[in-house]
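Okay, so here's the structure we're looking at.
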Amino acid sequence: MTIDSSGLSMDEAVRALRTDSRRRQVLRAAVKVMERTGFHQMSMQALADEADVSVGLIYKYFGGKEDILLATIMTILDAFRDQLQPAMDTVGDDPVERLAAGMRRYIEVVDENLDGTVLTYRESRTLDSAGRARIKELEVETAAPMRDALEAGIAAGSMNEIDVDLMVFDIMLLAHGWALKHWHFGAIYTLDEYIRLQTRFVLNTVVCEDQRSKYSQLLR
């Protein structure tokens with residue numbers, strides 16, 4: 001029997017991949033259906049039709065509509081959590097450059113999940129208290145690398161003494177704005193232009209005046 005690097009047999013690995021693919025297929029379809037009808041009006045049959053699977057298969061992976069909504073939101077938050085740190089690590093140790101890289105990747109993930117980001121704002125209140133608590137916990141986790149960069153920048157003297165928690169959430173809201181107001185911003189700016197302008201706005205606020213010439217490329 002062949003074993004892969006995760007310790008699974010090849011048959012088990014194939015089944016796991018197939019399961020993950022089917023789950024993602026259902027969640028992508030759920031975003032489309034909920035965008036059209038809203039969470040409460042979404043039927044499992046409409047979701048099955050959109051995903052091109054049976055209702056029974058959906059229940060094989062999810063307990064019900066609320067589980068699907070929670071999984072949809074968590075998939076997006078997981079992308080922020082999993083992708084932000086590696087993107088920031090690629091630019092090295094400079095906290096200003098790390099913050100800029102983090103902002104770029106955060107907004108790019110929003111762009112890759114425009115409908116899902118809007119859905120998160122619109123429907124997350126539908127979740128039960130445990131679901132809402134988990135979403136809040138994940139939101140804080142996703143922002144941790146940017147919080148670390150801000151704190152490192154302040155400690156190094158390259159950033160102003162600011163309210164780090166407030167700035168982190170301001171950055172998140174600027175990123176989410178690409179989805180929430182995409183009907184407006186998408187007609188005016190390309191994704192790269194939006195990222196550049198929002199990054200410049202944030203860095204002009206946080207970078208110490210005597211350090212700005214060092215980061216002229218990011219501030220222009």
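Checking the stated criteria, Tyr215 turns out to be surrounded by 15 or more Cβ atoms within 10 Å (Cβ to Cβ), of a type outside the set (Asp, Glu), not in a loop (DSSP other than H, G, I, E, B) and not assigned by TED's automatic domain parsing to the domain that holds Thr90. Taken as a whole, segment 174-190 holds no residue that is small (Gly, Ala, Ser), in contact with a Lys or Arg (Cβ under 9 Å, 6 or more places away or on another chain) and part of a helix (DSSP H, G or I). Residues in segment 44-55 that are over 18 Å from Leu70 (Cβ atoms) and not charged (D, E, K, R): Gln45, Ala46, Ala48, Val53, Ser54, Val55. In segment 72-90, which residues are surrounded by 20 or more Cβ atoms within 10 Å (Cβ to Cβ) and at pLDDT 90 or above? Scanning segment 72-90 gives Leu84, Met88. Residue pairs whose Cβ atoms lie under 7 Å apart, sitting 6 or more positions apart in sequence or on different chains, and linking a residue in segment 105-127 that is at pLDDT 85 or above to a partner that is of a type in the set (Ser, Thr, Tyr) and surrounded by fewer than 16 Cβ atoms within 10 Å (Cβ to Cβ), do not occur here. Checking each residue in segment 19-61 for being part of a helix (DSSP H, G or I), polar (S, T, N, Q) and over 15 Å from Thr72 (Cα atoms) picks out Thr19, Thr37, Gln45. The set of residues in segment 193-210 being assigned to a helix (DSSP H, G or I) and crowded, with 16+ Cβ neighbours inside 10 Å consists of Tyr194, Ile195, Arg196, Gln198, Thr199, Val202, Leu203, Val206.
Every condition in (1) closer than 21 Å to Gln211 by Cβ; (2) part of a helix (DSSP H, G or I); (3) touching a residue at least 40 places away in the same chain (Cβ under 8 Å) is met by Ile162 except one, and the failing one is (2). Among all positions in segment 141-154, there is no residue which is assigned to a helix (DSSP H, G or I), in the same structural domain as Asp111 (by TED's automatic domain parsing) and loosely packed, with under 13 Cβ neighbours inside 10 Å. Of the residues screened, Ala133 is not one that is of a type outside the set (S, T, N, Q), free of Cβ contacts under 8 Å to residues at least 40 places away in the same chain, assigned to a helix (DSSP H, G or I) and surrounded by 14 or more Cβ atoms within 10 Å (Cβ to Cβ). With respect to being touching a Leu at 6+ places or on another chain (Cβ under 6 Å) and in the same structural domain as Val168 (by TED's automatic domain parsing), Leu84 falls outside the description.
The values are calculated or read from the model by the stated rules, or taken from the named source; none is laboratory data. It should be emphasised that the depicted structure is a prediction, and the values quoted were computed from it without experimental measurement. Cβ coordinates were reconstructed from backbone atoms using ideal geometry, including for glycine residues, and neighbour counts include every protein chain displayed.
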